[in-house]
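What follows is a single structure, written as structure tokens, with notes after it.
Since every read-out is calculated from the coordinates, none of them should be taken as a lab result. Note that the structure is predicted; figures quoted are calculated from it, not measured. Positions of Cβ are generated from backbone atoms using ideal geometry, with glycine treated the same way; all protein chains shown enter the neighbour counts.
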2 protein chains.
Amino acid sequence: MALNAGLLMFTAHRAMERRVLDAVAAAGFDITAAQARIFQRIGPAGTRLGELAEQAQVTKQTAGFLVDQLERAGYVERVPDPTDARARLVRIAERGRAAGEVAAAVVTEVEAEWAAHLGARRMAQLRDALGRLREITDPWAGE
Amino acid sequence: MALNAGLLMFTAHRAMERRVLDAVAAAGFDITAAQARIFQRIGPAGTRLGELAEQAQVTKQTAGFLVDQLERAGYVERVPDPTDARARLVRIAERGRAAGEVAAAVVTEVEAEWAAHLGARRMAQLRDALGRLREITDPWAGE
DNA sequence: GTTCATAGTCAGATTATCTGACTACATTCG
DNA sequence: CGAATGTAGTCAGATAATCTGACTATGAAC
């Protein structure tokens, strides 16, 4: 029970999230964990609200609430979806790009620490196993 | 970025949590994710509220709020801590034990599915890497 | 060109979480 | 011993994140 794989992943994920959020906050970006979980799923060309909601596994209303905040703070912008007048695309704005760069740098740093602790071989095995696991744990695995 | 190890762990953890919570709910136990995250840290001899809070990384107040609910629903009980009159131990009660058994069975099942998908070798490597990672991502690693 | 489906919003309620202030007991040390 | 300081937990109030249900506007299908 103490060695439940799900719980172990929770622990490591939480450590990563904390590191990233702390660094992003220290760089002057006031983003909450819930906002970040939406933000991180926005694609390069923008993503629809409903799609963000589905991927983050929250309702459209919740996603909308969080995107409103991100938009007000200047991290994202909403633009019309040229292919569907009902929809709008959520796109990363300039400030969001800056915050994203800070986040990406910390992810790289933390992963390097993990690799240093585990050794390159085990880190590669971890990545491999997690990537394969995604095939059965993520309904969005093929995007 | 799409292959951030932290995010991959989040995905797998979320899938595990959902499976467990759904099965527990289907068995008639009305436990929320937040309650479960506290509940799962209660030791066999009972655990203090402050310790549960620290391990779950929430404030004592939040932990107290959740334990209140678990207690009202009959999943846990609070007993005096014989070694300190200020403290009380949160212990798993009969209904909690029953719910915990359902949860443990689902964890076993999901892990078996993962092992089937990855193969025994890769599943063992995954466990090994996660266990080692815990040494640097969990301040409570030595309990 | 109605009828049904989809994208998103509005409104209201609930749940989980925090900070700050407080009480009671424990520990320390002069 | 007894005052000063620290620790376990609770109370009160605020805020953040989430949900369900009802609604509008646009697109798709027949």
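One-quarter of the Cα convex hull surface for the protein assembly as shown, in nm²?
Quarter of the Cα hull surface area: 16.7 nm².
Have a look at B:ASP30, B:ASP68, B:ASP81 and tell me which one the Gaussian network model of chain B (Cα, springs below 10 Å) gives the largest fluctuation.
Result: B:ASP81 has the largest fluctuation of those listed.
For segment A:5-137, what is the charge dipole size about the Cα centre, in debye to the nearest 20, if Lys and Arg each add +1 at the Cβ and Asp and Glu each add -1 at the Cβ?
240 debye
What are the ³J(HN,Hα) couplings of segment A:119-130, residue after residue, when phi is run through the Karplus curve with 6.51, -1.76, 1.60 and θ = phi - 60°? Round to Hz, x for glycine and proline.
x, 4, 4, 5, 5, 5, 5, 4, 4, 4, 4, 5
Return the sequence-ordered ³J(HN,Hα) values of segment A:86-94 in whole Hz as given by the Karplus equation 6.51 cos²θ - 1.76 cosθ + 1.60 applied to θ = phi - 60°, using x for Gly and Pro.
Karplus-based 3J(HN,Hα) across segment A:86-94 equals 6, 9, 10, 9, 8, 10, 6, 9, 4 Hz.
Limiting things to C-alpha atoms, what are the Rg and the maximum Cα-Cα separation (Dmax) for chain A, in angstroms?
Values for chain A (Cα only, Rg and Dmax): 16.7, 51 Å.
For chain B, set up a GNM with springs between Cα atoms under 10 Å and report which of B:ARG91, B:ARG72, B:ARG132 has the largest fluctuation.
Of B:ARG91, B:ARG72, B:ARG132, the Gaussian network model singles out B:ARG132 as fluctuating most.
Given contacts defined as C-alpha pairs under 8 Å and at least six residues apart, what's the relative contact order of segment A:5-137, whole-number percent?
Once normalised by length, the contact order is 22 percent.
In whole Å, what is the distance between the alpha-carbon centres of segment A:3-41 and segment B:84-143?
21 Å
Hey, got the dipole for the protein assembly as shown? About the Cα centre, +1 on K and R Cβ, -1 on D and E Cβ, debye to the nearest 20?
Dipole about the Cα centre, nearest 20: 40 debye.
Of A:GLU111, A:GLU77, A:GLU17, which has the largest mean-square fluctuation in a 10 Å C-alpha GNM of chain A?
Its mean-square fluctuation being the largest, the pick is A:GLU111.
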